[in-house]
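Working notes, structure below.
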Amino acid sequence: MADLKLTNVDKTYGGNVNVLKDINLEIETGELIVFVGPSGCGKSTLLRMIAGLERITGGVLEIDGIEVNDVPPAQRGIAMVFQSYALYPHMTVRENMQFALKIAKKPQAEIDAAVDKAAKTLQLDDYLDRLPKALSGGQRQRVAIGRSIVRDPKVYLFDEPLSNLDAALRVATRIEIARLKEAMPDSTMIYVTHDQVEAMTLASRIVVLANKGIAQVGTPLELYETPENEFVAQFIGSPAMNLLPGKITGTGAQTTVALDNGGTAVTSIATTDADMGKQVNVGVRPEDFEPTDGSYIFKDTVDIVEALGEVTLAYFEREGEDHIIAKLQGIHHELRGKELALTADPSKVHMFHDGQSMR
Ligand code: ADP
Ligand code: MG
């Protein structure tokens, strides 16, 4: 059982390189939290501070209500599972898994019980006498995780454990980790990745890190449906949400925006008279665009078509701006070079002012 609480946590390297500022976060026992964000945003740093491998330069980290800022890693009840699954090649699966407990001079009966239990959780019971070379990549990864499980940690930390694997193995191992979490409902896991698909599929809650801080915390669905700012809106979802600049021309229970490109957007986000004339960015996910003969949010000639099978991506090139992308059901090679008008249901139309959602 372990609750974690971070209060105003800061990290400055070498006295002057500030990489994380005022991190406030509470993690409850049994959660699978994913830290996601672009490379260099401080994900590993935050994880290593929780593990005790990196000093916390400001704020307080508590585990189960007790400050652990100065508690050494080994005494925090935390296990870090690293990217590489460096197993001892001359040792069997059982010997690899019991190694730490042997070093700690635990009684053999206790060691055997711990290894057997972990092997069952990881579905390795039939492989305990094998050497690592006789295992698949995924099984080796499980043995590496098993070495942590036998120590019965309160919190598991994973730092991009799948990034060295090829695409197929990555999906398979991702599913393994989801299954592992289900087999250990009371353990708390924190998982770091730069891959928003991993974050969306694994997390009970996602923490999006950017610009030294937390951009948003929420369930995968919350981040997808109600991003609080443009960064999260464009980081979660692929291809990224389209942003179209414009000005509010109608307020009330629904809001109308006259877009700079000539289109008109209606959103179910409510506004007041005071919002009239505000400069905003309207956000529409590629999958929420639909072709229309009537009033449109966006209309232009399709430059490139990518037919992926179940869906087609239609690209509109914009000088000096990001492409506008529509994701349409089915195969539509015929759209290339044609004019296409697009709209979206008002409930799917996002709106941002100064980068923040107006919802
Ligand atoms: P991420 O894991 O999100 O890619 P990191 O936590 O590894 O990011 O790094 C965050 C920032 O801190 C980066 O700008 C990186 O260069 C810097 N950094 C990481 N470790 C050190 C260090 N030991 N000394 C100085 N700067 C560091
Ligand atoms: Mg990292």
Practice problem: Mind jotting down the three principal axis lengths of segment 192-266 based on Cα atoms? Whole angstrom, largest first. | Solution: 42, 24, 24
Self-check item: MRE, 222 nm, helices only [DSSP H, n ≥ 4, -39500 (n - 2.57), over the chain, to nearest 500]
Solution: -7000 deg cm²/dmol
Quiz prompt | Residue-normalised accessible area of segment 283-359, given per residue in Å² at a 1.4 Å probe | solution = 54 Å²
Self-check item: q = 0.20, 0.25 Å⁻¹, segment 223-312: log10 I(q)/I(0) [Debye, one scatterer per Cα]
Solution: -1.09, -1.40
Quiz item: Build a GNM of the chain with springs between Cα atoms under 10 Å: which of K348, K43, K102 gets the top mean-square fluctuation?
Solution: K102
Quiz item: When only C-alpha pairs under 8 Å and at least 6 residues apart count, what is the relative contact order of segment 4-234, in percent?
Solution: 28 percent
Quiz prompt | Alpha-carbon centroid distance for the pair segment 307-329 / segment 1-69, whole angstrom | solution = 38 Å
Self-check item: Surface per residue (accessible, 1.4 Å probe) for segment 4-234, Å²
Solution: 46 Å²
Practice problem: Take the Cα gyration tensor of the chain, multiply each eigenvalue by 5, square-root it, and list the three semi-axes largest first, rounded to whole angstrom. | Solution: 46, 25, 15
Practice problem: Would you work out what percent of the accessible area of the chain, with all protein chains in place, is carbon or sulfur (probe 1.4 Å)? | Solution: 49 percent
Practice problem: Find which of H350, A199, L53 sits farthest along the positive direction of the dipole of the chain, computed with +1 on the beta-carbon of Lys and Arg, -1 on that of Asp and Glu, about the Cα centre. | Solution: L53
Self-check item: Candidates S148, S347, S187, ranked by Gaussian network fluctuation over the chain, Cα under 10 Å, top entry
Solution: S347
Quiz prompt | Cα-based radius of gyration of segment 61-193 once divided by 2.2 N^0.38 Å, which approximates compact folds | solution = 1.06
Quiz item: Relative contact order for segment 239-357 using alpha-carbon pairs under 8 Å, separation at least 6, rounded to a whole percent?
Solution: 28 percent
Quiz prompt | Highest-fluctuation residue, K154, K133, K21 considered, GNM on the chain with Cα pairs under 10 Å | solution = K133
Practice problem: Note down the magnitude of the dipole of the chain about its Cα centre, charges +1 on Lys and Arg C-beta and -1 on Asp and Glu C-beta and zero elsewhere, to the nearest 20 debye. | Solution: 1460 debye
Self-check item: Residue-count net charge about L202 - beta-carbon cut-off 15 Å; Lys, Arg +1, Asp, Glu -1
Solution: -1
Practice problem: Please list, or write none, the aspartates and glutamates whose alpha carbon is within less than 16 Å of the alpha carbon of K105, excluding same-chain residues fewer than 8 places away. | Solution: E95, D152
Quiz prompt | Isotropically averaged projected area of segment 1-90, using the convex hull of Cα atoms (one quarter of hull area), nm² | solution = 7.4 nm²
Quiz item: Of K299/K348; K21/K278; K5/K212; K278/K338; K11/K102, which sit over 25 Å apart, Cα to Cα?
Solution: K21/K278; K278/K338; K11/K102
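The values are calculated or read from the model by the stated rules, or taken from the named source; none is laboratory data. Everything quoted here is computed from the prediction, not taken from an experiment. As a convention, Cβ positions derive from the backbone with ideal geometry for all residues, glycine included, and neighbour counts pool all protein chains shown. For the accessible areas, the whole protein counts, side chains as well, though only heavy atoms, and no ligand, DNA or RNA atoms are used. Shrake-Rupley method; radii C 1.70, N 1.55, O 1.52, S 1.80 Å.
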